[in-house]
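None of the figures in this text is laboratory data; all of them are computed from the coordinates on show. Remember, predicted model here, so these are calculated numbers, not experimental data. Cβ: placed from backbone, ideal geometry, glycine included. Neighbour counts: every protein chain shown.
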Amino acid sequence: MQDLLVTIYPYAKAFHVMAVLSWIAGLFYLPRLYVYHAERGQSGTEPAASLTIMEHKLLRFIMRPAMIATWISGLALVMTPGIVDWSMIWPWIKAICVLGMSAFHGWCSVQRRELAAGRALSGRTYRMMNEVPTLLMIGIVLAVIVKF
């Protein structure tokens, strides 16, 4: 198994980067849709119906598969011998940030159902929450590149 992981490492890494880009793009865009939905999409109106469809499809067909692909490829990278030194701080910081990103994804899923049911938070709240994936991404990139 270890020989296979070493052999596929460059492909797993490339796939991981592509999956992360797709997932993060969705995590950046979905809260922005929530802002529009909360501020302009009154329940039962055309904007609300269109936003509900867009939110659902973004989560189900882009973000969820990208998150799963990110986790699978990331775990393959972590299990590759010689790649991660768990005695350093950076893999722990990255792991915490990835768990935070996954929790944020879950929060987005809950909010989609709430918005579809006509129970929205304020547009200001969604704007503030839109910064969460950016902060987590900064933590992940710094941890992986700087390796402190």
- Task: Averaging sequence separations of C-alpha pairs under 8 Å and six or more residues apart, then dividing by the length of the chain, give the relative contact order as a whole percent.
- Result: 37 percent
- Which of the lysines could a cross-linker span from LYS147 if the Cα-Cα distance has to be under 30 Å and same-chain partners fewer than 8 positions apart are dropped? LYS13, LYS94
- Does anyone have the angle between helix 90-116 and the longest principal axis of the chain? Alpha-carbon axes, 0 to 90°, nearest 10? 20 degrees
- Message: Spelling out what I want: for every residue of segment 75-84, take phi, set θ = phi - 60°, compute 6.51 cos²θ - 1.76 cosθ + 1.60 (Karplus), and round to whole Hz; glycine and proline get x.
- Response: 5, 5, 5, 5, 7, 5, x, x, 8, 10
- Message: At a threshold of 8 angstrom on Cα-Cα distance, excluding pairs fewer than six apart, so keeping six or more, what relative contact order does segment 18-64 reach in percent?
- Response: 48 percent
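Fewest Cβ neighbours within 10 Å first, please rank VAL20, VAL84 accordingly. Write down the numbers at each step before the final one.
On the way: VAL20 20, VAL84 15.
Ascending Cβ contact count within 10 Å gives the list VAL84, VAL20.
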- Task: Please identify which residues in segment 56-74 have an amide N closer than 17 Å to a label point set 7 Å out from the Cα of ARG32, following the Cα→Cβ vector.
- Result: 56-59, 62-63
- Item | Full-stretch length increase - ASP3, ILE138 - with 0.36 nm per residue and alpha-carbon distance subtracted | 45.4 nm
- Query: How much mean residue ellipticity at 222 nm does the chain get from its helices, if each DSSP H run of length 4 or more adds -39500 (n - 2.57) and you divide by all residues, to the nearest 500 deg cm²/dmol?
  - Reply: -27000 deg cm²/dmol
- Relative to the chain, whose Cα atoms define the longest principal axis, helix 2-40 and its Cα axis are tilted in degrees, nearest 10, by 20 degrees
